[in-house]
Amino acid sequence: MQETLRKCIPRSELEWRLLRARAAYWAWQFASKVVMGVIYLSIIAEGFRTLVPVLNRRLSRLPMLGWMDDYEGTYQLDMASIMALFMLIAVYGLWSKVLKLWLFEKIGIDNRLRKQGNADTFVLVFGAIVLVSDALLFYVAVTEISWGGSSFSFTALFATAAYVSVLVFTIYVSINLHEKIELIEREPLNEKKF
């Protein structure tokens, strides 16, 4: 047991830097996903409820999910909450790939975009669709919650732009933290051990 623990303790400066980089990456992943998860399960789910009223249906009313009525934490879950959770997964999954394509493979809106393979084109197109849909859901939810469903609100539009900016920023920071880990892993192991 002690031998296994000794192997886990970093012995060089490079291993310590790698440990710190991984800790920063996973701390950021956890914190950003928790905060954005709360936003998705409240605001984006409300946007789904407003735009698609059938998603208001509680999960406990569906076949084989009646047991959810017995627990305080699950009886209020509805299909909009599940859709919001999948929207969170889609946005983070697609936009991390979109940003990697744009930042590291130098894809711009020119000839290089037309030369992409089917997988890259899929990621770019559906990434844009998912982000626009997410922004629309946020806008609809904010106008419905705050202004009773008015058709246009400059404040809600500003809040939506801020939300999308923060969302893309959290993904960008995740990519940079992961890239830092990869750079440290590629460094040669010629350092002295402690």
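The values are calculated or read from the model by the stated rules, or taken from the named source; none is laboratory data. Bear in mind the structure is a predicted one, so any value in this text is a computation, not a measurement. Glycine gets a Cβ as well: all are built from the backbone with ideal geometry, and neighbour counts include every protein chain shown. Quick note on the areas: whole protein, heavy atoms, side chains included, nothing else; ligands and nucleic acids left out. Shrake-Rupley method; radii C 1.70, N 1.55, O 1.52, S 1.80 Å.
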Regarding VAL132, is this residue exposed (fewer than 12 other Cβ atoms within 10 Å of the Cβ), at pLDDT 85 or above and closer than 25 Å to PHE152 by Cα? yes
Here is a list of conditions, (1) polar (S, T, N, Q); (2) open to solvent by 90 Å² or more (accessible area, probe 1.4 Å); (3) modelled with pLDDT of 85 or more, and SER151 meets all of them except one; can you say which number that is? (3)
